[in-house]
């Protein structure tokens with residue numbers, strides 16, 4: 001259960017990575033008063049995902065986020081803008097850099113469930129059981145439309161992907 005929740009948290013962060021940026025960012029007036037710069041920090045995925053640690057870091061970030069709140073307590077995060085990310089195998093130092101500039105939307109409902117809709121190129125991180133269940137790599141860059149729903153306990157209840165895998169990150173770094 002803990003690794004499933006970790007996988008969902010990492011997946012959502014990889015798709016949009018906006019929550020921390022919304023809290024700390026200054027308004028991005030060039031996009032309008034409700035858009036904020038999405039701060040992104042580097043982090044390392046444990047070997048659970050690829051069989052080796054993977055460092056994920058922003059290389060170029062011009063991504064912006066808008067937060068929409070509703071009276072029922074739900075919040076929708078919209079993300080758009082340029083984003084280039086590097087993935088590094090921490091054991092070998094092998095690195096690839098990819099464009100993940102696709103727009104995305106995450107709605108967090110008052111019960112803790114979530115709905116994610118993203119268009120590629122975008123990143124995806126799934127636990128190995130979820131990757132097998134949905135026929136996708138554990139860590140990948142996707143081109144196309146991705147939607148997924150997450151239950152309040154963190155389990156992915158549905159995932160739909162119409163497109164293709166641009167990069168299987170684990171395979172590219174092994």
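The values are calculated or read from the model by the stated rules, or taken from the named source; none is laboratory data. Because the structure is a prediction, the values reported are computed rather than measured. Note that we place each Cβ from the backbone using ideal geometry, even for glycine, and neighbour counts take in every protein chain shown.
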Note to self: Only one of 81, 163 is on the phi > 0 side of the Ramachandran plot, modelled with pLDDT of 95 or more and part of a strand (DSSP E or B). Can you tell me which?
What the structure shows: 163
Notebook entry, point to check: Which is part of a strand (DSSP E or B), farther than 20 Å from residue 170 by Cα and modelled with pLDDT of 95 or more, of 36, 97, 44, 76?
Noted result: 76
Notebook entry, point to check: Taking strands (runs of 3 or more DSSP E) that fall entirely within region 100-157, which contain at least 2 residues that are in contact with a helix residue (DSSP H, G or I) (Cβ under 9 Å, 6 or more places away or on another chain), at pLDDT below 95 and within 15 Å of residue 78 (Cα to Cα)?
Noted result: none
Check: Taking the condition under 17 Å from residue 45 (Cβ atoms), surrounded by 14 or more Cβ atoms within 10 Å (Cβ to Cβ) and out of contact with any strand residue (DSSP E or B) (no Cβ under 9 Å at 6 or more places or on another chain), does residue 128 pass?
Finding: yes
Note to self: For the list (1) surrounded by 14 or more Cβ atoms within 10 Å (Cβ to Cβ); (2) at pLDDT below 95; (3) more than 17 Å from the chain's Cα centre (by Cα), I need the number of the one condition that residue 71 fails.
What the structure shows: (1)
Check: Which of (1) under 28 Å from residue 162 (Cα atoms); (2) touching a helix residue (DSSP H, G or I) at 6+ places or on another chain (Cβ under 7 Å); (3) surrounded by 15 or more Cβ atoms within 10 Å (Cβ to Cβ) does residue 48 not meet, given it meets every other one?
Finding: (3)
